[in-house]
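Undergrad: Below you'll find the structure I mean.
The values are calculated or read from the model by the stated rules, or taken from the named source; none is laboratory data. None of the values given here were measured: they were computed from a predicted structure. Glycine also receives a Cβ, built like all others from the backbone with ideal geometry; neighbour counts cover every protein chain displayed. Note: accessible area is taken over every heavy atom of the protein model, side chains too, but ligands, DNA and RNA are not part of it. Shrake-Rupley method; radii C 1.70, N 1.55, O 1.52, S 1.80 Å.
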Amino acid sequence: MSVDEDETRQRLKAAVHYAVGRMCQRMTEDHRRDFSRQVVAAIAETTFRQCDIFAKDLEAFARHAKRSTVSSEDVKLVARRSTALSIYIQNKSEELNQEQRDLKKKNTGKRRSRDTEESRE
């Protein structure tokens with residue numbers, strides 16, 4: 001691993017630790033449950049390692065399909081072992097697809113009205 005890669009990895013790890021710490025802090029405020037520093041660190045490390053596994057799996061799935069880009073189908077495949085995560089990702093995927101369809105309709109409508117205006121002139 002190069003120095004740049006190691007530095008990036010450490011920055012990502014710190015960001016995950018910070019985010020986990022903030023979530024634990026919110027849980028403490030909302031539910032009056034305290035988290036020790038060791039517990040926060042363990043959750044952050046576990047989260048980071050799982051993300052690393054997900055990233056490697058996603059790269060492998062894309063490579064296997066002879067693609068250089070990870071697709072939403074790859075993400076769904078990674079989440080298949082966790083029912084809750086799989087459902088969440090499926091719902092988000094459907095939301096994004098609907099937003100894209102709505103944008104296309106909107107842009108198509110603008111294009112049609114522009115074409116109509118140009119044909120009147």
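Undergrad: Between residues in region 77-103 that are at pLDDT below 95 and residues that are among the charged types (D, E, K, R) and part of a helix (DSSP H, G or I), which pairs lie under 6 Å by C-beta distance while being six or more apart or on different chains?
TA: Between residues of region 77-103 that are at pLDDT below 95 and residues that are among the charged types (D, E, K, R) and part of a helix (DSSP H, G or I), the close pairs are 78/57; 86/80; 89/76.
Undergrad: To continue, here is another question. If you scan region 53-72, which residues turn out to be open to solvent by 50 Å² or more (accessible area, probe 1.4 Å) and either touching a Lys or Arg at 6+ places or on another chain (Cβ under 9 Å) or in contact (Cβ under 8 Å) with a residue 12 or more places away in the chain (or both)?
TA: Within region 53-72, 54, 57, 61, 70, 72 qualify.
Undergrad: Restricting to region 35-52, name every residue that is among the polar types (S, T, N, Q) and either closer than 25 Å to residue 78 by Cα or open to solvent by less than 60 Å² (accessible area, probe 1.4 Å) (or both). Write out each step before concluding.
TA: Residues of region 35-52 among the polar types (S, T, N, Q): 36, 38, 46-47, 50.
Once the filter is applied, which keeps residues that are among the polar types (S, T, N, Q) and either closer than 25 Å to residue 78 by Cα or open to solvent by less than 60 Å² (accessible area, probe 1.4 Å) (or both), region 35-52 yields 36, 46, 47, 50.
Undergrad: Over 16 Å from the mean Cα position of the chain (by Cα) and free of Cβ contacts under 8 Å to residues at least 60 places away in the same chain, is that true of residue 5?
TA: For residue 5, the condition - over 16 Å from the mean Cα position of the chain (by Cα) and free of Cβ contacts under 8 Å to residues at least 60 places away in the same chain - is met.
Undergrad: Need the failing condition index for residue 13 against (1) within 21 Å of residue 79 (Cα to Cα); (2) open to solvent by 60 Å² or more (accessible area, probe 1.4 Å); (3) at pLDDT 95 or above; (4) within 21 Å of the chain's Cα centre (by Cα), just the number.
TA: Answer for residue 13: the failing condition is (1).
Undergrad: Being surrounded by 10 or more Cβ atoms within 10 Å (Cβ to Cβ) and not aliphatic (A, V, I, L, M) is the filter; apply it to region 76-90 and report the residue that is farthest from residue 60 (Cα to Cα).
TA: Taking the candidates together, the pick is 88.
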